[in-house]
Amino acid sequence: MIDKNRNNSLIFPHGFLWGTATAAHQVEGNNIHSDWWKWEKDRKLIEDSGIACDHYHKFKEDFRLAKEVLHNNAHRLSIEWAKIEPKEGKFDENVINHYKEVLAELKRLGLKSMVTLHHFTLPLWFSERGGWEKKENLIFFKRFVERCAQEYKNLVDYWITINEPNIYTPLAYLQRIFPPQKGSLILTVKVYLNLASTHKAAYKIIHSVIPNAQVGAAVHIGMFKAFGVFENLFPEISRRIFNYSFFDLTFKYHDFLGINYYALHRNTLKDIFIKRKRKKETKEMIEGELNDLGWTMYPSGIYTICKEMYKRFHLPIIITENGIPDAKDEKRPSFIINHLSWLHKAIEEGVDVRGYFHWSLMDNFEWNNGRKPRFGLFEINYKTLERIPRKSAYLYGEISKNNGILY
Ligand code: BGC
């Protein structure tokens with residue numbers, strides 16, 4: 001359902017970034033030197049990422065779609081550390097040059113580039129050394145960042161050091177969903193703090209190589225609601241820990257706030273410690289529309305969190321991810337319109353939002369959920385690797401072309 005209360009054309013600020021976001025492991029294929037690759041093979045439970053969308057070889061075709069069908073002026077992707085440094089200290093020049101070509105292609109098409117340096121995957125050698133658990137390992141990531149900054153300094157417009165430290169850490173170290181599947185509160189805290197130090201170090205390195213660089217992190221920001229006596233307390237605690245803590249810990253080391261926003265979180269702290277049955281949920285939540293992964297869509301949340309985050313941190317905001325798994329593309333069109341309408345309202349009310357990156361350009365390998373969730377504006381036929389535009393692709397293309405929603 002499209003929110004009916006806002007029916008004037010909604011034009012976004014001049015120079016607003018319109019893009020889509022992807023991550024190397026999810027689209028490129030053959031990430032054979034990564035911790036995820038090994039884990040997928042060892043677990044044998046899920047579909048492995050395999051050749052994914054073969055974006056490694058098809059990037060030109062994909063960027064052409066972003067330009068010609070989506071009319072985008074920006075694109076977010078990640079550079080795969082495991083491919084660049086497959087063995088400790090051995091940098092692969094071919095791969096380094098490959099990403100130069102990738103970034104040069106974006107430039108040629110007039111798309112601003114946003115590059116993520118860590119998007120969930122690690123070189124296997126690094127994770128076998130204990131990964132982010134050990135502070136002394138951070139030096140390896142710093143070396144990689146320094147190399148990327150030197151190699152790509154003329155090609156990157158926005159840098160994202162780390163994607164969703166606040167999702168990666170609990171999933172990998174508390175809830176045992178992502179590798180290395182450890183369940184330890186102590187390690188969770190340790191890794192989170194190490195990621196905060198890593199971000200600060202990476203920020204400084206990039207700025208020392210490129211003084212006027214735009215550097216940030218992409219943090220998953222949730223809308224929290226809880227019930228009964230916990231109504232105020234738990235959302236507030238969740239907000240402080242989940243939404244604010246990474247920015248609090250790394251304050252002054254962000255040129256913009258990268259925000260990934262997806263859904264209403266029923267999982268407050270209370271859910272982590274006490275398993276709660278859904279029947280206790282309020283009417284509003286049960287009636288909320290669910291996407292293919294069962295998450296409650298909550299478009300006005302993007303407005304609320306932008307207002308909240310801007311008030312607290314006073315930095316320009318870029319929506320680095322927002323999207324929906326919707327194989328039939330039935331809900332995606334109104335999802336896009338509604339989220340952008342609410343985002344526009346935040347801008348109208350003074351929030352400095354600079355861009356929106358839809359997740360994702362195409363269907364891709366959705367981590368522990370395999371290929372089933374379909375997040376793409378372009379459908380992927382996994383047999384032929386054909387890219388097929390969904391109707392949302394044309395809709396998003398119109399919005400991007402018009403720099404807004406015309407009614
Ligand atoms: C991640 C993506 C993921 C998307 C949808 C974000 O948390 O950054 O890698 O595919 O959400 O689950």
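A compact table of results
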| read-out | value |
| --- | --- |
| Antiparallel %, DSSP beta bridges [both residues in the chain], to 5 | 25 percent |
| Whole-Hz couplings from phi, Karplus 6.51/-1.76/1.60, listed for segment 369-385; x for Gly and Pro | 9, x, 8, 5, x, 10, 9, x, 6, 10, 6, 9, 8, 5, 7, 9, 6 |
| Spacing of the two label points (7 Å from each Cα toward its C-beta) at Leu193 and Asn8, in nm | 5.1 nm |
| Theoretical FRET efficiency, 1/(1+(r/R0)^6), r = Cβ-Cβ of Asp292 and Ile51, R0 25 Å, to 0.05 | 0.60 |
| FRET efficiency, Ala104 to Glu330 (Cβ-Cβ, R0 30 Å, nearest 0.05) | 0.20 |
| Protein accessible area in the chain, 1.4 Å probe - carbon and sulfur % | 54 percent |
| Whole-number Å³ per residue for the convex hull built on Cα positions in segment 10-405 | 133 Å³ |
| Cα Rg, Dmax, segment 1-129, angstrom units | 17.8, 57 |
| Ellipticity estimate at 222 nm from DSSP helix runs (n ≥ 4, -39,500 (n - 2.57)) divided over the chain, nearest 500 | -12000 deg cm²/dmol |
| Residue among Ser208, Ser49, Ser113 with the largest mean-square fluctuation in a Gaussian network model of the chain, springs linking Cα atoms under 10 Å | Ser208 |
| Gain on full stretching of the segment that runs from Lys135 to Leu233 - 0.36 nm per residue minus C-alpha separation | 31.9 nm |
| Nearest-0.05 FRET efficiency for Lys182 and Thr384, computed from C-beta distance (R0 45 Å) | 0.70 |
| Counted charge near Asn260, where neighbours are those whose Cβ lies closer than 10 Å (Asp, Glu -1; Lys, Arg +1) | -2 |
| Inter-part distance where segment 120-134 and segment 61-99 are each reduced to a Cα centre, Å | 21 Å |
| Cβ-based charge dipole, the chain, positive-most Cα from Ser334, Gly183, Ile380 | Gly183 |
| Distant-in-sequence amide H partners of Val219 (H built 1.01 Å from N, under 5 Å) | Glu164, Gly258, Ile259, Asn260 |
| Local net charge near Phe365, Cβ-Cβ under 12 Å (Lys/Arg +1, Asp/Glu -1) | -4 |
| Too-long pairs where the Cα-Cα distance tops 24 Å, listed order kept, from Lys41/Lys331; Lys252/Lys311; Lys142/Lys252; Lys100/Lys204; Lys100/Lys182 | Lys41/Lys331; Lys100/Lys182 |
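The values are calculated or read from the model by the stated rules, or taken from the named source; none is laboratory data. The model shown is predicted, which means the values in this text are computed figures rather than measured ones. As a convention, Cβ positions derive from the backbone with ideal geometry for all residues, glycine included, and neighbour counts pool all protein chains shown. Side chains included, ligands, DNA and RNA excluded: accessible areas come from the protein's heavy atoms. Shrake-Rupley method; radii C 1.70, N 1.55, O 1.52, S 1.80 Å.
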